[in-house]
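Enquirer: One structure follows; several queries about it will come next.
The values are calculated or read from the model by the stated rules, or taken from the named source; none is laboratory data. Just so it is clear, the model here is predicted, and its values are computed rather than measured. Cβ sites come from the backbone with ideal geometry, for glycine too, and all protein chains shown count toward neighbours.
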Amino acid sequence: MKIPEVSTVGVLGAGLMGHGLALEFARAGYQVLLYDSIAAQRDSAPERLRSAYKTMSDMGMADAAAAGVIDDGAYYRCEASAEAAVQIRL
């Protein structure tokens, strides 16, 4: 199900859960803005997502022409968001 008023979804956290959320939102046709405060996660996310999405597409589980995942730090432009970040109580 896609919400017509929302075209861009932000995912905060590019680890295992954020990666999965980003894949599912992209598969549903949303443009995804992905952010992680850890540079290694953030930098490796686009290639990890492309690889996972290609695998899903090859298996017939996703449309090869789905919306892309963007990591440009423009998280504030999201119309909806999902959080996949660890919360630490100090």
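Enquirer: Please identify the pairs in which a residue from the stretch 51-69 that is within 19 Å of L33 (Cβ to Cβ) and assigned to a helix (DSSP H, G or I) has its Cβ atom under 8 Å from the Cβ atom of a residue that is of a type in the set (A, V, I, L, M, F, W, C) and modelled with pLDDT of 85 or more, counting only partners at least 6 apart or on another chain.
Expert: From the stretch 51-69, the pairs are A52/L23; Y53/L23.
Enquirer: Hey, another quick one. Applying the selection to the stretch 17-42, what residues are at pLDDT 85 or above, over 25 Å from P4 (Cα atoms) and in a helix (DSSP H, G or I)?
Expert: Listed by number, the residues that qualify are A39, A40, Q41.
Enquirer: Show the residue pairs meeting these rules: Cβ distance below 9 Å; 6+ apart or different chains; first residue within the stretch 10-30 and within 17 Å of K54 (Cβ to Cβ); second residue outside any loop (DSSP other than H, G, I, E, B) and aromatic (F, W, Y).
Expert: L23/Y53; A26/Y53; R27/Y53
Enquirer: Report the residue count in the stretch 16-40 for those that are surrounded by fewer than 19 Cβ atoms within 10 Å (Cβ to Cβ) and either polar (S, T, N, Q) or in contact with a helix residue (DSSP H, G or I) (Cβ under 6 Å, 6 or more places away or on another chain) (or both).
Expert: Number of matching residues: 1.
Enquirer: Anything in the stretch 43-67 that is modelled with pLDDT under 80 and either within 13 Å of G15 (Cβ to Cβ) or surrounded by 12 or more Cβ atoms within 10 Å (Cβ to Cβ) (or both)? List them, or say none.
Expert: Correct list: A62, D63, A66, A67.
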